[in-house]
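Beneath this line is the structure, given in structure tokens, with notes to follow.
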């Protein structure tokens, strides 16, 4: 076992992990942070997307020890009721969530995009979401929501 | 009267929970001390189980329980009542569940599955439903490869007299269509959490799309009355028909009752894609009789559904396909045969439309083919044959509130199709001439 120290959503944690433990397992099973979902465990679906030091990663294929000393942001840290991030409100406003399972990952991918490129084109939004699958919406409403949130930020 | 909902934009009641990441899906319910499950699945598509020895698996540190069919109070379940909770003497598809283990952690569960000694005599499988229908084909099940609707090997729809209809036709247009199998690939994998309560009740957190059906199945399998089993569902991370069959609830329930511990079984995405229910493929043959002026006067269809190894919802899927394969068109003479055929694939089941989607695909391809044969605008052909108010379907239902013509008129505007004046003037309420 190894000791992993990390910050998640601004709070510091110290947990014991194996060499094979993933960041997703740490978040869900050790810390009870269940916003990031288990969809495929192969990095294909994006439901576990989180930010590590501001960069978008798939938590299911990120070895936990590689985030030692780093800061992780999940949907729980993006915004809370009363202080939602514009992306969260735009997703709600534009019906970008149906079953909601992909939503936490979609929001984090969108946040990573807007942090780097606050005024993306629709094509740039689609490109940024290419690692995140949704099986309900057909993506149109999700792209609409992100475009609207980008407008709000301006 | 003021309308609060109709005509208004109504926000999803669960939308803010979704964007906050607060929506609690089954896998997000975390109970301390929960055991994890792994299953031994058949490595072959068809075979006879010669022997199964799980004694080494039971000795793996961290393993709390191992179950085979001998431990299941009622081992048969499913929409057709023909599936085995855990395989007994035979396996009929690769991935069919044979034994399960509940352990303190995933490593122990995987090691235990690895240590199960299974001896299977592989038998000749059949994968193509058209081959499976032929006399002398390898038998998927001892009773045969075709589902029996009573004493009939197919669902039949007979309306008017299709042979008389063909005589009235100027041309006959035939078409063969294949619709491939599909997986729902819903985002949330199959998962279940069963928690034994101090009250003697069992609580099951389920992803079911058909919870009250599944409650009765689970009660029957584990041998408890419905008053002792509480299922909590409703939050489904995508289903699209994948979750109309029980995949994990019954196993989690059995192991929870055996161990007295909470048990969670989450299928891997690989298991989900390879072994859970899917939309079976279809082979459809159409023969349509049409007059020179574009009226369909007869339609004959033979459809074959690849149902996989067990009945599941396939018989119902074939029913709905047959009921609707004549399309949204008034055809006075219809003859349909629909076959539900077993093959050595995982059981197929419902997916978005219960057999109607492939029927529509083939039927509309056929309409285009007819239009081409007549040299007619395909819009014109559809307008000419569209159901009118008060007409009768092939299943002898008289229709009301018919609006296909109006829908097509609206659609034409949206896609930039300029309709000729006589189609613009058409209405569903106008009586058909002739």
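The values are calculated or read from the model by the stated rules, or taken from the named source; none is laboratory data. Being a predicted model, the structure only gives us computed values, none of them experimental. Note that we place each Cβ from the backbone using ideal geometry, even for glycine, and neighbour counts take in every protein chain shown.
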* Asked: Which condition breaks for residue A:25 when tested against (1) outside the structural domain of residue A:138 (by TED's automatic domain parsing); (2) touching a strand residue (DSSP E or B) at 6+ places or on another chain (Cβ under 7 Å); (3) in contact (Cβ under 8 Å) with a residue 12 or more places away in the chain?
  -> (2)
* **Count of residues meeting criterion [closer than 20 Å to residue B:237 by Cα and either touching a helix residue (DSSP H, G or I) at 6+ places or on another chain (Cβ under 6 Å) or in contact (Cβ under 8 Å) with a residue 40 or more places away in the chain (or both)] in segment A:126-138** => 5
* **segment A:94-116 - residue that is assigned to a helix (DSSP H, G or I) and at the interface with another protein chain (Cβ under 8 Å from one of its Cβ atoms) and, of those, farthest from residue B:209 (Cα to Cα)** => A:107
* Asked: more than 14 Å from chain B (Cβ to nearest Cβ), within 21 Å of residue A:103 (Cα to Cα) and either surrounded by fewer than 22 Cβ atoms within 10 Å (Cβ to Cβ) or in contact (Cβ under 8 Å) with a residue 60 or more places away in the chain (or both), is that true of residue A:54?
  -> yes
* **Flag for residue A:16 being away from chain B (no Cβ under 11 Å), farther than 26 Å from residue A:139 by Cβ and surrounded by fewer than 16 Cβ atoms within 10 Å (Cβ to Cβ)** => yes
* Which condition breaks for residue A:141 when tested against (1) part of a helix (DSSP H, G or I); (2) surrounded by 21 or more Cβ atoms within 10 Å (Cβ to Cβ); (3) touching a residue at least 40 places away in the same chain (Cβ under 8 Å)? -> (2)
* To do: Answer yes if at least one residue in segment A:121-138 is closer than 28 Å to residue A:23 by Cα, in contact with a strand residue (DSSP E or B) (Cβ under 8 Å, 6 or more places away or on another chain), surrounded by fewer than 18 Cβ atoms within 10 Å (Cβ to Cβ) and not assigned by TED's automatic domain parsing to the domain that holds residue A:47, and no otherwise.
  => yes
* Asked: Tally time: how many residues in segment B:372-394 are closer than 18 Å to residue B:159 by Cα and in contact with a helix residue (DSSP H, G or I) (Cβ under 7 Å, 6 or more places away or on another chain)?
  -> 2
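Here's the yes/no breakdown for (1) under 15 Å from residue B:77 (Cβ atoms); (2) within 14 Å of another protein chain (Cβ to nearest Cβ); (3) modelled with pLDDT under 95:
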position	(1), (2), (3)
B:174	no, no, no
B:187	no, yes, no
B:214	yes, no, no
B:229	yes, no, no
B:235	no, yes, no
B:250	yes, no, no
B:253	yes, no, no
* Number of positions in segment A:1-22 that are assigned to a loop (DSSP other than H, G, I, E, B) and in contact (Cβ under 8 Å) with a residue 60 or more places away in the chain -> 2
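Pick out the one residue from B:329, B:339 that is within 24 Å of the chain's Cα centre (by Cα), more than 30 Å from residue B:106 (Cα to Cα) and modelled with pLDDT of 95 or more. Don't jump to the end; show me each part of the working.
Values: B:329 fails: within 24 Å of the chain's Cα centre (by Cα).
Result: B:339 is the single residue among B:329, B:339 that is within 24 Å of the chain's Cα centre (by Cα), more than 30 Å from residue B:106 (Cα to Cα) and modelled with pLDDT of 95 or more.
Residue-by-condition table, conditions (1) surrounded by 24 or more Cβ atoms within 10 Å (Cβ to Cβ); (2) in contact with a strand residue (DSSP E or B) (Cβ under 6 Å, 6 or more places away or on another chain):
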position: B:316; (1), (2): no, no
position: B:330; (1), (2): no, no
position: B:336; (1), (2): yes, yes
position: B:341; (1), (2): yes, yes
position: B:345; (1), (2): yes, yes
position: B:350; (1), (2): yes, no
position: B:356; (1), (2): no, no
position: B:359; (1), (2): yes, no
* strands (runs of 3 or more DSSP E) within segment B:79-162 that include 1 or more residues touching a residue at least 40 places away in the same chain (Cβ under 8 Å) and over 30 Å from residue B:53 (Cβ atoms) -> B:155-159
* To do: Test residue B:293 against the criterion of being in contact with a strand residue (DSSP E or B) (Cβ under 6 Å, 6 or more places away or on another chain) and outside any helix (DSSP H, G or I), and give yes or no.
  => no
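Select, from A:38, A:75, the only residue that is closer than 23 Å to residue B:187 by Cβ, surrounded by 14 or more Cβ atoms within 10 Å (Cβ to Cβ) and free of Cβ contacts under 8 Å to residues at least 40 places away in the same chain.
Matching residue, one of A:38, A:75: A:38.
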* Search result, residues across segment B:12-42 that are in contact (Cβ under 8 Å) with a residue 60 or more places away in the chain, within 7 Å of another protein chain (Cβ to nearest Cβ) and surrounded by 22 or more Cβ atoms within 10 Å (Cβ to Cβ) -> B:23, B:27
* The one condition in (1) surrounded by 24 or more Cβ atoms within 10 Å (Cβ to Cβ); (2) in contact (Cβ under 8 Å) with a residue 12 or more places away in the chain; (3) closer than 23 Å to residue A:24 by Cβ; (4) within 11 Å of chain B (Cβ to nearest Cβ) that residue A:90 fails to fulfil -> (3)
* Asked: In the set A:34, A:66, which member is modelled with pLDDT of 95 or more and more than 8 Å from chain B (Cβ to nearest Cβ)?
  -> A:66
